[in-house]
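Scroll down for the structure; my scribbles are underneath it.
The values are calculated or read from the model by the stated rules, or taken from the named source; none is laboratory data. Given the structure is predicted, the values throughout are model-derived calculations rather than measurements. Note that each Cβ is placed from the backbone with ideal geometry, even for glycine, and that neighbours are counted across all protein chains shown. The accessibility values were calculated without ligands, DNA or RNA, using every heavy atom of the protein model including side chains. Shrake-Rupley method; radii C 1.70, N 1.55, O 1.52, S 1.80 Å.
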Amino acid sequence: MESVWVFGYGSLIWRPGIAFRERRVARVGGWTRRFWQGSHDHRGLPHAPGRVVTLVPEPGASCEGVAYRVAADLAAATFEGLDHREKNGYQRHDVRLEFRRGGTDQGVAYVAPVNNPAFLGSAPVDEIVAQIGRSAGPSGTNLDYLYQLESALRRLRIEDAHVFELARRLRESEDQSRANRARAG
Ligand code: SIN
């Protein structure tokens, strides 16, 4: 068996938590990144889920993230660890990677499909903002997940209008709450 590429588009970008030989910015065609997956175990709780990203099929779209090349002898243990970390609805999915610096290869992404029990789907942006703003779980606040993702994408010069809009709206809402508290004394 040869080495295997693992594609990360969410927390795997800034906190891979796996041993890898190499990492490259890569794109997967036909998918878009959306805060449509419920998180009951990392950024929310069973009775109060947060929202994290999944890949949603969208013809003509593409999603940029980071691909990690994992050595063949570590692949089984790596997938075992990731299967546990991504257990709340995500499944391994074969994807075609297009590397930013050229070339293509096969990889594996963790995708939470629309029919998984934790899938939340689309919602008005105000609702998504409010849910991210109030949620927290064993891995930290949902806000931290969003801001970490935003800053990792900016560092890598990856554009994502959906993520950037949510981060902007959350910052505005935090500023507003601070101003309200200051006014209240
Ligand atoms: C990923 O990062 O690729 C999967 C979703 C997540 O764990 O945030």
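The slack between GLU58 and ALA19, meaning 0.36 nm per residue of separation minus the straight C-alpha distance, is 10.9 nm.
Based on Cα atoms of region 1-50, Rg over Rh with Rh as the Kirkwood radius reads 1.06. If you model region 121-185 as an ellipsoid using its alpha carbon gyration tensor, with each semi-axis the square root of five times an eigenvalue, the axes come out at 22, 14, 13 Å, biggest first. Coupling constants for region 161-166 follow from the phi torsions by the Karplus curve (6.51 cos²θ - 1.76 cosθ + 1.60, θ = phi - 60°), and in residue order they are 4, 5, 5, 5, 5, 5 Hz; glycine and proline get x.
Computed across region 60-119, the Kirkwood hydrodynamic radius from all distinct Cα-Cα pairs reaches 13.1 Å. In the chain, the longest principal axis of the Cα atoms and the axis of helix 125-134 are about 90 degrees apart. Between GLY137 and GLY44, ASN142, the built amide H atoms are under 5 Å apart, and every one of these is 5 or more places off in sequence or on another chain. Between ALA72 and ARG96, with labels modelled 7 Å along Cα→Cβ, what's the label distance in nm to one decimal, could you check? Label at ALA72, label at ARG96, 2.5 nm between them. Comparing the chain with the 2.2 N^0.38 Å rule of thumb, its C-alpha radius of gyration ratio is 1.06 (two decimals). Looking only at region 28-45, which residues have a backbone nitrogen under 15 Å from a spot 7 Å from the Cα of VAL114 in the C-beta direction? It comes to 31-37, nothing else.
Tell me the GluC sites (Glu not before Pro) within region 88-168 that lie in a loop according to DSSP and have at most 10 other beta-carbon atoms within 10 Å. Answer by residue number: GLU159.
Quote the relative contact order of the chain in percent (integer), defining contacts as alpha-carbon pairs under 8 Å separated by 6+ residues. Provide the component values of the computation, followed by the final result.
On the way: 341 pairs, mean separation 50.8, N = 185.
That works out to 27 percent.
A straight chain from GLU80 to GLN148 at 0.36 nm per residue would run longer than the Cα-Cα distance by 22.0 nm. What region 6-122 shows is 46 Å² of accessible area per residue, with the surface traced by a 1.4 Å probe over protein heavy atoms.
In a DSSP loop and with at most 11 other Cβ atoms within 10 Å, the trypsin sites (Lys or Arg not before Pro) in region 146-182 are ARG157. Roughly how many whole Å is it from the C-alpha centroid of region 114-161 to that of region 7-74? Cα centroid to Cα centroid, the span is 12 Å. Dividing the alpha-carbon radius of gyration of region 85-157 by the rule-of-thumb value 2.2 N^0.38 Å gives 1.36.
Both the radius of gyration and Dmax for region 24-93 are 14.0, 39 Å, in that order, over alpha-carbon atoms. Helix 142-155 and the long axis of the chain differ in direction by around 60°, with both axes built from C-alpha atoms.
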